[in-house]
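Below: one structure, written as structure tokens.
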Amino acid sequence: MTAALELDAVKKSFGGVTAVNGVSLRLEPGRIYGLIGPNGSGKTTLFNCITGVERRDAGRIFFQGERIDGLKPWQIAVKGVGRTFQVTRVFPELSALENLLVVTRGDRAAAERRGRELLAFVKLEQLAGEYAGNLSYGQQKLVEFVRVLMRDPSLVLLDEPAAGVNRTLLNDLLEAVRRLRDEGRTVLLVEHDMKVVMGLCEVVFVLDHGDKIAEGPPGIIQADERVIEAYFGR
Amino acid sequence: MNVVITPAMIAQVVISGLLSGTLYAMVALGLALIFGVMRVINIAHGPMLMLGAYVTFFLYSAFGVNPYLTLPASMAVLFVLGMLLERTLVFRVVDAPELSSLLLTFGISIALVNLAQLAFTSDLRAVEFLTGSFVIGPVAVSKPRIVAFAFAAIITAAAFLFLRNTKLGKAIRATSQSRDVAMVCGINVGRIHLITFGFAAALAAAGGTLIAVIVAIQPEMGQIWTFKSFLVIVLGGAGNYPGALVGGMLLGLIEQLASLFLTTQLSEAVAYVLLVLVLLIRPTGILGGRST
């Protein structure tokens with residue numbers, strides 16, 4: 001079966017600092033994957049390489065069997081890779097609804113219907129006309145999350161989806177992520193909240209100083225010595 | 001110096017100020033758009049206005065076209081020229097440090113002015129189309145200024161409606177609010193830059209056409225508009241599009257007010273003194289940076 005996403009020895013350094021040091025990984029379609037590692041281990045850089053925001057220095061990236069390294073970020077997005085940012089980024093001076101509509105193409109009425117559905121899905125339909133910059137951080141996070149879904153992406157990259165979201169919303173959010181998987185989408189998430197990672201992910205990749213040091217089901221990863229060492233030191 | 005201010009003089013100042021302020025707002029909106037979307041201060045904005053004025057002059061003198069009907073032509077010519085400049089030169093400096101884009105657009109500005117001198121000579125040209133004034137009570141307003149105001153108001157309103165309501169307009173605003181996010185959301189940012197630059201050049205061209213009927217046309221007429229537009233967006237808050245409206249009106253009023261008390265040369269200087277003061281005291285502009 002064609003992998004949803006395949007990284008082959010992807011490298012990226014900034015000046016003399018190697019952020020991602022030849023990472024290879026393979027995501028099967030319709031599953032939820034976790035990407036964990038201490039601060040500065042290269043998680044966000046890897047996201048940036050996949051989405052084209054940073055140009056990788058070496059290695060190859062395939063999305064559904066098609067090579068995407070070298071494409072522009074918007075081309076990768078149009079192909080069906082959606083992402084959120086670690087520090088939530090909405091368009092502050094567009095309304096919540098406009099934030100969703102600005103990413104779509106084609107039929108405006110259909111897009112608006114879909115946009116309102118998605119806002120209702122995260123219980124923000126009352127705030128559709130409010131400037132996104134006026135929403136609370138958690139609400140902005142939800143707007144960003146459903147904005148990703150507007151394009152109906154088959155691969156969803158979530159950079160710390162749980163950070164700053166209150167407990168009630170968090171359960172809705174986790175449920176939403178599971179539903180993405182059930183719809184056949186592939187999810188890769190960076191998360192520091194281990195409960196979220198353990199409860200959600202089927203396979204976890206662990207990065208440390210730009211190297212992939214472990215890969216496997218969360219239960220096994222938790223007991224892996226190299227992982228414990230990377231997090232807590234020896 | 002004793003100046004007696006009568007209500008009629010105040011009325012004259014306010015009306016003249018708002019008339020020219022609208023024109024300033026329209027031209028400066030172009031500069032504000034390029035700055036907002038690309039983070040480039042386009043020094044060549046004024047020379048583009050100059051080219052727009054020449055388009056009008058040649059269509060008027062060669063074919064006798066009503067200068068106001070040349071608006072679509074001058075805007076279209078500069079839209080295309082703006083896109084050409086973006087695609088060949090300006091796109092290279094979008095991510096570069098500010099100094100690179102300042103130097104590049106300064107170079108483009110010099111090139112445009114000198115090419116215009118070469119092609120059109122430095123002779124002063126005029127479009128003598130509409131003369132005389134409307135007199136309402138104690139207030140007199142020249143006809144070409146009224147017409148320029150009307151067209152500028154319509155074009156500016158249309159530009160704001162376009163930015164506010166159309167898909168492309170929203171994509172332009174989204175790009176200026178966060179380029180990275182726009183990219184990963186699937187917005188072709190390069191295309192947005194291209195269109196924005198062309199659109200801004202067209203706004204400058206509209207200004208050129210409208211003032212072609214008011215002032216003498218010559219290759220160096222444009223530079224002062226770069227500086228005035230810059231002042232307008234600084235007054236209104238750089239990167240804040242409605243701020244261009246506020247800044248334009250303020251500049252118009254201040255210039256007119258200054259002309260009440262000062263000689264013409266001195267009142268020209270007031271704008272620049274103001275620029276320095278605003279940058280020192282309130283660098284985010286009167287409205288305070290980005291706001292809705």
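Matching residues to (1) out of contact with any Gly (no Cβ under 9 Å at 6 or more places or on another chain); (2) assigned to a strand (DSSP E or B); (3) within 12 Å of chain B (Cβ to nearest Cβ):
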site	(1), (2), (3)
A:GLY34	yes, yes, no
A:SER41	no, no, no
A:PHE47	yes, no, yes
A:ASP69	no, no, no
A:ALA77	no, no, yes
A:GLY82	no, yes, yes
A:VAL90	no, no, yes
A:GLU98	no, no, yes
A:VAL103	no, no, yes
Report task. Take segment A:107-122 and flag every residue that is away from chain B (no Cβ under 13 Å) and under 28 Å from A:ASN166 (Cβ atoms). Result -> A:ARG114, A:ARG116, A:GLU117, A:LEU118, A:LEU119, A:ALA120, A:PHE121, A:VAL122
Query raised in the report: Checking A:SER24 against (1) surrounded by fewer than 19 Cβ atoms within 10 Å (Cβ to Cβ); (2) in a strand (DSSP E or B); (3) within 14 Å of chain B (Cβ to nearest Cβ), which single condition isn't satisfied?
Result: (3)
Report task. Would you check if there is a residue in segment A:192-205 being in contact (Cβ under 8 Å) with a residue 24 or more places away in the chain, in a strand (DSSP E or B) and over 21 Å from A:GLN64 (Cα atoms)? Result -> no
**Report entry** Residue within segment B:181-201 that is in a helix (DSSP H, G or I), among the basic types (Lys, Arg) and either in contact (Cβ under 8 Å) with a residue 60 or more places away in the chain or crowded, with 24+ Cβ neighbours inside 10 Å (or both) present
**Finding:** no
Query raised in the report: Is there a residue in segment B:14-25 that is in contact with a His (Cβ under 6 Å, 6 or more places away or on another chain), closer than 30 Å to A:GLU93 by Cβ, assigned to a helix (DSSP H, G or I) and at pLDDT below 95?
Result: no
Query raised in the report: When only residues in segment A:151-179 that are under 28 Å from A:ALA110 (Cα atoms), out of contact with any Pro (no Cβ under 9 Å at 6 or more places or on another chain) and touching a residue at least 60 places away in the same chain (Cβ under 8 Å) count, which is surrounded by the fewest Cβ atoms within 10 Å (Cβ to Cβ)?
Result: A:ASP152
Query - Condition check for B:ALA174: in contact with a helix residue (DSSP H, G or I) (Cβ under 6 Å, 6 or more places away or on another chain), buried (at least 20 other Cβ atoms within 10 Å of the Cβ) and more than 17 Å from B:THR22 (Cβ to Cβ) - result: yes
Report task. Considering only residues that are over 24 Å from B:ALA171 (Cβ atoms) and not in a strand (DSSP E or B), look in segment A:49-67 and name the one that is farthest from the other protein chains (Cβ to nearest Cβ). Result -> A:GLY65
Report summary line: In segment A:124-150, anything within 13 Å of chain B (Cβ to nearest Cβ), surrounded by fewer than 19 Cβ atoms within 10 Å (Cβ to Cβ) and touching a strand residue (DSSP E or B) at 6+ places or on another chain (Cβ under 9 Å) is listed as A:GLY129, A:GLU130, A:TYR131
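The values are calculated or read from the model by the stated rules, or taken from the named source; none is laboratory data. Predicted, not measured: the structure shown is a model, and the values here were computed from it. Glycine gets a Cβ as well: all are built from the backbone with ideal geometry, and neighbour counts include every protein chain shown.
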